[in-house]
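Colleague: Below is the structure I would like to discuss, written out as C-alpha cells.
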Amino acid sequence: MNIKKTLGLGVASAALGLTLVGGGTFAYFSDSAQSTAAFNNGTLSLTSDPAVIVDLSNLKPGDLITRDFKLKNDGSLDIPKVLLKTSSAVTDTNNNNGSHNLKDDIIVTFLNNNDKKQPEVLIISLADLESQSPDLVARKILGTLLGGEKSGIKAGTEDKLTVQFAFKENFQPQNYYQGDKLKLTWNFEASQGAGEFK
C-alpha cells in the first residue's frame, strides 16, 4: 500500500508540475496604443461679384454694354469648372412682338477670362445661350500658349471675366420691342473635383 501511495503521490506531483509548467507558457508581456482620426469636410463656396452684373433701362437697338465681373472661390476646395446656366423671360408689353423674340436680338459676347489669358471670344444670342452650359473658367488653346492659369479656380482665389451685351441692330424698324422688358438670370454652377487617394 505504501508503494501505491508513494507512486500515486509521485504521479500527482508530476501532474501538478506539468500543469504549472504548461500554465507558465501562456504568460506574456503586453502593451496597447490608441490613435484617433478626424474628418473635416471641405467646402465649395462660389460667389459672383457684383451680384447684379448688368441692370439697364432705356435700351435701344445698337446699344453695346460691357461689364466686368468676378467669380470668387471662398471655399476650401479647388473648383475645376464653373458652368453657366442661363434663363431669361421677356415681357411683351404691347403684345405686338409676333414672331420676333427679344432673346434672339440680344447678343452675348464673352470677351475674355483675364486670369486664364483667354482672349477667345464666344458670341451667341441669349436664346441660344439658354441651351448651352459653357465652362467660364476653362483655359483653352490660346490661354495655354499665353501662359494663363490652369483651368478652374483654386481655393481662395478669383477669376475676372469680361462680358458684353449688344442689342442687335437689323437696320429696320424694331418698334415692336418698345417698352418690352427682359429679366436675365445667370446661375454659376461649381462642382468638386475627382476624389483623391490620401
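The values are calculated or read from the model by the stated rules, or taken from the named source; none is laboratory data. What you are looking at is a predicted structure, and each value in this text was computed from that prediction instead of being measured. Cβ placement follows ideal geometry from the backbone for every residue including glycine, while neighbour counts extend to all protein chains displayed. To get the accessible areas, we keep the full protein, side chains included, count just its heavy atoms, and leave off ligands, DNA and RNA. Shrake-Rupley method; radii C 1.70, N 1.55, O 1.52, S 1.80 Å.
Colleague: Suppose we keep only residues that are hydrophobic (A, V, I, L, M, F, W, C) and surrounded by 11 or more Cβ atoms within 10 Å (Cβ to Cβ) within the range 164-181. Which one would you say is farthest from residue 45 (Cα to Cα)?
Modeller: That would be 167.
Colleague: Same structure, new question: Could you list, ordered by first residue, the pairs with Cβ atoms under 8 Å in which the first is in the range 96-123 and farther than 30 Å from residue 145 by Cα and the second is in a loop (DSSP other than H, G, I, E, B) and not charged (D, E, K, R), at least 6 apart or interchain?
Modeller: 100/174; 105/61; 105/170; 105/174
Colleague: Just to be sure I understand, how many residues within the range 141-163 are open to solvent by less than 80 Å² (accessible area, probe 1.4 Å), out of contact with any Leu (no Cβ under 9 Å at 6 or more places or on another chain) and either at positive phi or charged (D, E, K, R) (or both)?
Modeller: 3
Colleague: Still on this structure, I have one more. Check residue 128 against each of (1) under 23 Å from residue 51 (Cβ atoms); (2) among the charged types (D, E, K, R); (3) not in a loop (DSSP other than H, G, I, E, B) and name the one condition it does not meet.
Modeller: Result: residue 128 passes all but (1).
Colleague: Turning to a different aspect of this structure: Anything in the range 141-179 that is farther than 30 Å from residue 92 by Cβ and without any contact (Cβ under 8 Å) to a residue 40 or more places away in the chain? List them, or say none.
Modeller: 141, 142, 143, 144, 145, 146, 147, 148, 149, 150
Colleague: Restricting to the range 94-119, give me the number of residues that are touching a Lys or Arg at 6+ places or on another chain (Cβ under 9 Å), open to solvent by less than 30 Å² (accessible area, probe 1.4 Å) and under 30 Å from residue 157 (Cα atoms).
Modeller: Final tally of qualifying residues: 3.
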